[in-house]
Amino acid sequence: MSQELVVALAGNPNCGKSTLFNELTGGRQHVSNYPGITVERKEGFFNFNGLRLKIVDLPGTYSLTAYSLEELVARDFIVDEKPHVVVNIVDATSLERHLYLTVQLLELGVPVVLALNMMDMVEQRGMSIDKEKLSKRLGIPIVPMVARSGKGKEELIRTIIQTAQNPRNNNIFTISYGPDVDHFLHEMEKLIDEKKFLTDKYPSRWIALKYLEEDQQIMEKGDAVSKEFSDYLKSMAGKVADHISKTLETYPEAVIADYRYGFITALLKDGIIQRQSVPGGRELTDVLDRILTNRLLGPIIMILILYLVYTVTFTYSELPVEWVNKLFEWLAKAVNKVLPEGPLQSLIVDGIIGGVGNVFSFVPLIMLMFFCIAVLEDTGYLARVAYMLDRIFRVFGLHGNSVMAFIIGGGIAGGCAVPGVMATRTLRSSKERLATILTTPFMNCGAKLPVYAMIIATFFETQRAQIMVVLTLFSWLIALVVAWILRSTILKGPPTPFLLELPVYRLPTLKGLIIHTWERTWQYIKKAGTIIVAITVLLWALMSYPKPPEEMIKNAGPEDKNRIELEYSVAGRIGKGLTLVSHLCGFDWKINVALFGGFAAKEVILSTLGTAYALGSEDGNEEAANTSLSQRIKDDPQWTPLLAWVFMIFIMIYAPCIATLAVIAKETGGVKWSLFALVFNTLVAFTIATIIYQVGRII
Amino acid sequence: MKGFKEFWKFWKNDCPPCAKMPQFDPKQNNLKPLAMAESGKRLKVCRVIGGRGVCARLAHMGIYPGVEMELLCGGCDSPCIVKVHNVTISLGRGVSQKIMVEEIGR
């Protein structure tokens, strides 16, 4: 029997959905201890007794209304794609809150299996949950489990299959919303049933409820079916809202929430939850929070943690980076010996080994940086960072949730703007979101890191961690100032409320940390091995051809010959052309070519610079390949510490890479903002770089 | 030892700069915005002033009229932290001004 079962994983943010997904599919879905990390649904497969199960990890949501993109993604999937089973994962340590979503799923009438996650914590706190009783009251199967360790996984799979194969009518689940609301609901329900209004997709009572909540998406769908009837329902809902606001001075949503929580409280009565003593994780979290989020100590600790991350990364990556460098140097030497001199040797040694080697040698550094970030994420500390920075962000017209986009985009150094831009979906205001999207690429992503590392190693060897802290703070400053400018000019609008759950501090599992670190490092390596190689070869060709005519190099010595050849090439000419403007910030044509290449992907900057210096080296090819890029730059008289700073800052700010531009276009629904980012960021970068260079020269 | 005890008491009760927080006039009524409540108090939400969107989002995170919560760290110009339904939530200044609460002792 070959059959595919579609299983959706739904739950509040940070309840262990992604952990469970990884546990089930063995996939490397990204998991963190930060609410709202899964912004798109992810899919994975596995086989069990001849059955193929497709697991879909939905974004974490508190409810199934339409207040944000991730709620819509989750709801649309459940309603439109009709998964065979919806596994609702709840944090058993705070059942009251998590069952809120469960109740909504049941009201929607979908087949639900409840996975009681974090049962180990429940036991630790001396609590116990009467699973049978709860299951009976809710009318759905319940599986206790510990997603982190995989405990209860087998039983969950069996229950899923059982539920999918014996579907039962879940449509009978209703909650009373008090006499006032119930009366109206019932009336609306009857009318909806009569008209068969949207009932092919949703239960009639649910539709009535959504009209009461003024759910835009459902009302639009209703308008499309029958404007007249939809308007009638709206007027009825309006009456209820009026009534509620007069008698209770509140909105229907609050009344609905109140009754839902009331229902849950009643549900959990009579010994479903037994509490003995209280000491445990939550209390530890409170104590830690008292220190880590303290007004005075919090920010100091935050900076210290940042500093520690850089120190650890740079100190422990030093040796491995050197090894990889040596390996590539040896490779270049070996190839030089084997291959005859000519275009092929130049392509392999100068183009591929020189370029890609530079990118690859930073793998150990990137890996350590990712590991440190994974630790911060998994422990739950990053959510506190968002909390602490909200006050500052607010001043610049951003939102506390923008912090997360910044951090994923490389706020601590070593992220990527592509997921960073996607993480802005947790922002509700489109203007705040757009401002965040446009400023996230300023962060120091994993691709910029090797360039910094090389420059820092060349010019500021003794203060590496300090320089990284300065660069990080500078990128945030630029991002905030630009955001402020955008928010007070083209993106004017009121701020939206900041609401963020602070998850319980958890000790990260080694498995989780390794998965995260490896997942991100592998992406870096993959990119270096594919796109970067291709672009490096292309740029090598641009730097090598066309060859100058004989008479130009006839009288030149071997030293000038290489330089003339490089200048005569396509890239040389582009770089030369750009010096017309770029001389203002001190960039020569070699840097221009590298920056031009970096537009494809920021890693290319380093590889192109490597190629340019190898090709243009006055020592001749063989010698050049044997000295590192860092050494060659050090020997070049035009490179001063000032230029090093200008160069790093320009790279930080200028045009986002093509991948980021593509995501910006996708997330904003058009190329307009991508083009804006391309032009605007480059202009900002050029302006700041010029100012620093000119002022620095005077001083 | 005494110094430590003093420090611990201070530490447990409020975050240092909050000590000089503006006091809400209690004569008017016993309602005050969450932003002006004292750290460490148990509070009952009485009303949420504000648009339907805010109201609904708060409700979905467990903050709605009638619910009881504990203020772990008071606002004073930055987000405050509350514990409600056994979950810790931080609320921005704007929102916490819209939540009217009543003290219900400790």
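A count restricted to the range A:418-449 and to residues that are more than 12 Å from the chain's Cα centre (by Cα) and modelled with pLDDT under 85 stands at 6.
Residues of the range A:654-674 include none that is under 30 Å from A:Gly354 (Cα atoms), free of Cβ contacts under 8 Å to residues at least 40 places away in the same chain and charged (D, E, K, R).
Take the conditions (1) part of a helix (DSSP H, G or I); (2) touching a residue at least 60 places away in the same chain (Cβ under 8 Å); A:Trp330 misses just one of them, which is (2).
Only one of the numbered conditions (1) assigned to a loop (DSSP other than H, G, I, E, B); (2) at pLDDT below 80 is not met by A:Ser18, and that is (1). If we keep just the residues of the range A:278-322 that are more than 24 Å from A:Val451 (Cβ to Cβ) and acidic (Asp, Glu), which is modelled with the lowest pLDDT? Filtering first and then ranking leaves A:Glu283.
Going through the range B:42-60 one residue at a time, which ones are surrounded by 19 or more Cβ atoms within 10 Å (Cβ to Cβ) and either touching a residue at least 60 places away in the same chain (Cβ under 8 Å) or under 26 Å from A:Ile291 (Cα atoms) (or both)? Matches in the range B:42-60: B:Leu43 only. When you look at A:Gly397, is it away from chain B (no Cβ under 11 Å) and outside any helix (DSSP H, G or I), yes or no? When the stated conditions are applied, A:Gly397 passes them.
Every residue in the range A:186-240 that is hydroxyl-bearing (Ser, Thr, Tyr) and loosely packed, with under 13 Cβ neighbours inside 10 Å, please.
Residue satisfying the conditions is A:Ser235 alone.
Can you say whether A:Ala224 is in contact (Cβ under 8 Å) with a residue 12 or more places away in the chain and among the small types (Gly, Ala, Ser), as far as the supplied structure shows? Against the criterion (in contact (Cβ under 8 Å) with a residue 12 or more places away in the chain and among the small types (Gly, Ala, Ser)), A:Ala224 does not qualify. Got at least one residue in the range A:262-276 being out of contact with any strand residue (DSSP E or B) (no Cβ under 6 Å at 6 or more places or on another chain), farther than 18 Å from A:His183 by Cβ, assigned to a helix (DSSP H, G or I) and of a type in the set (Asp, Glu)? Among the residues of the range A:262-276, not one is out of contact with any strand residue (DSSP E or B) (no Cβ under 6 Å at 6 or more places or on another chain), farther than 18 Å from A:His183 by Cβ, assigned to a helix (DSSP H, G or I) and of a type in the set (Asp, Glu), which makes the answer no. Residues that are more than 25 Å from A:Gly262 (Cβ to Cβ), within 9 Å of chain A (Cβ to nearest Cβ) and more than 8 Å from the chain's Cα centre (by Cα) do not occur anywhere in the range B:40-60. Candidates in the range A:114-137 are the residues that are in contact with a strand residue (DSSP E or B) (Cβ under 7 Å, 6 or more places away or on another chain) and under 20 Å from A:Ile175 (Cβ atoms); of these, the one that is surrounded by the most Cβ atoms within 10 Å (Cβ to Cβ) is A:Leu114. Taken as a whole, the structure places A:Asn325 among residues that are under 21 Å from A:Ala447 (Cα atoms), surrounded by fewer than 22 Cβ atoms within 10 Å (Cβ to Cβ) and of a type outside the set (Val, Ile, Thr). Only helices (runs of 4 or more DSSP H) whose full extent lies in the range A:33-132 are considered here, and the ones with at least 1 residues that are farther than 17 Å from A:Leu267 by Cα are A:69-80, A:119-124.
Pick from the range B:61-97 the residues that are assigned to a strand (DSSP E or B) and without any contact (Cβ under 8 Å) to a residue 12 or more places away in the chain: which of them is farthest from the other protein chains (Cβ to nearest Cβ)? Once the filter is applied, the top-ranked residue is B:Ile81.
All of (1) in a helix (DSSP H, G or I); (2) among the polar types (S, T, N, Q); (3) within 14 Å of chain B (Cβ to nearest Cβ) hold for A:Asn294 with one exception: (1).
Which ones in the range A:656-699 are over 17 Å from A:Tyr452 (Cα atoms) and among the small types (Gly, Ala, Ser)? Result: A:Ala659, A:Ala662, A:Ala665, A:Gly669, A:Gly670, A:Ser674, A:Ala677, A:Gly696.
Taking the range B:73-91 as the range and being at pLDDT below 85 and closer than 21 Å to A:Gly397 by Cβ as the test, the residues that pass are B:Gly75, B:Asp77, B:Ser78, B:Pro79. Taking helices (runs of 4 or more DSSP H) as the structural unit, those lying wholly within the range A:595-647 and holding at least 3 residues that are modelled with pLDDT of 80 or more correspond to A:603-615, A:629-635. Please work out if A:Ser245 is over 27 Å from A:Leu101 (Cα atoms) and either within 11 Å of chain B (Cβ to nearest Cβ) or modelled with pLDDT of 85 or more (or both). Here the answer is no, as A:Ser245 does not meet what is asked. Scan the range A:400-436 for residues that are within 14 Å of another protein chain (Cβ to nearest Cβ), of a type in the set (Gly, Ala, Ser) and part of a helix (DSSP H, G or I) and report the count. Summing the residues that are within 14 Å of another protein chain (Cβ to nearest Cβ), of a type in the set (Gly, Ala, Ser) and part of a helix (DSSP H, G or I) in the range A:400-436 gives 2.
In the range A:44-65, which residues are more than 10 Å from chain B (Cβ to nearest Cβ), surrounded by 14 or more Cβ atoms within 10 Å (Cβ to Cβ) and more than 17 Å from the chain's Cα centre (by Cα)? Working first, answer last.
Applying the first criterion (more than 10 Å from chain B (Cβ to nearest Cβ)) to the range A:44-65 yields A:44-60.
Narrowing further to those that are surrounded by 14 or more Cβ atoms within 10 Å (Cβ to Cβ): A:44, A:46, A:48, A:51, A:53-60.
Those that are more than 10 Å from chain B (Cβ to nearest Cβ), surrounded by 14 or more Cβ atoms within 10 Å (Cβ to Cβ) and more than 17 Å from the chain's Cα centre (by Cα): A:Gly44, A:Phe46, A:Phe48, A:Leu51, A:Leu53, A:Lys54, A:Ile55, A:Val56.
Just one residue in the set A:Leu105, A:Leu58, A:Leu134, A:Leu95 is closer than 20 Å to A:Thr285 by Cβ and among the hydrophobic types (A, V, I, L, M, F, W, C); that residue is A:Leu95.
The values are calculated or read from the model by the stated rules, or taken from the named source; none is laboratory data. None of the values given here were measured: they were computed from a predicted structure. No Cβ is skipped: glycine too gets one built from the backbone with ideal geometry, and neighbour counts run over all protein chains shown.
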